[in-house]
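Undergrad: The structure under discussion is supplied below as structure tokens; questions concerning it will follow.
The values are calculated or read from the model by the stated rules, or taken from the named source; none is laboratory data. Predicted model, so just to flag it, every value in this text is computed and none were measured. Cβ coordinates were reconstructed from backbone atoms using ideal geometry, including for glycine residues, and neighbour counts include every protein chain displayed.
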Amino acid sequence: MAHSAKAASKSSTPAARTSGSTEIVNAGGTDFFGGGQIVAEGGTTGSTTVSGGIEIVNAGGTALGALTSAGDQDVFGLTSGGTVS
């Protein structure tokens, strides 16, 4: 499933790929249930909710306002305004 949420949330997911998880892209951001999200170098994501999965922000990647619930966030790039619970 590939979808750009750029116009709605000023973030981009130009080549989203999921495996063994559910991804929901809406005007408020992206939600993942299980599985995970990788933000690659040069990539930006905003208002992402990861529930029971993992978000990996690679060097050169940016995650803004991520909420990670019952999961993990591994950051090698930049993250701002996020919550891990």
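Undergrad: Do we have any residue at all in region 1-15 that's within 21 Å of Ser80 (Cβ to Cβ), among the hydrophobic types (A, V, I, L, M, F, W, C) and either in contact with a Pro (Cβ under 8 Å, 6 or more places away or on another chain) or at pLDDT 65 or above (or both)?
TA: No: zero hits.
Undergrad: Do we find that Gly46 is at pLDDT below 85 and crowded, with 19+ Cβ neighbours inside 10 Å in this structure?
TA: On the way: at pLDDT below 85: no; crowded, with 19+ Cβ neighbours inside 10 Å: yes.
In short, no.
Undergrad: Being crowded, with 18+ Cβ neighbours inside 10 Å, assigned to a loop (DSSP other than H, G, I, E, B) and among the aliphatic types (A, V, I, L, M) is the filter here, so list the residues in region 50-85 that pass it.
TA: Ala66
Undergrad: Given the conditions (1) in a strand (DSSP E or B); (2) modelled with pLDDT of 70 or more, which single one is not true for Glu41?
TA: Here Glu41 clears every test but (1).
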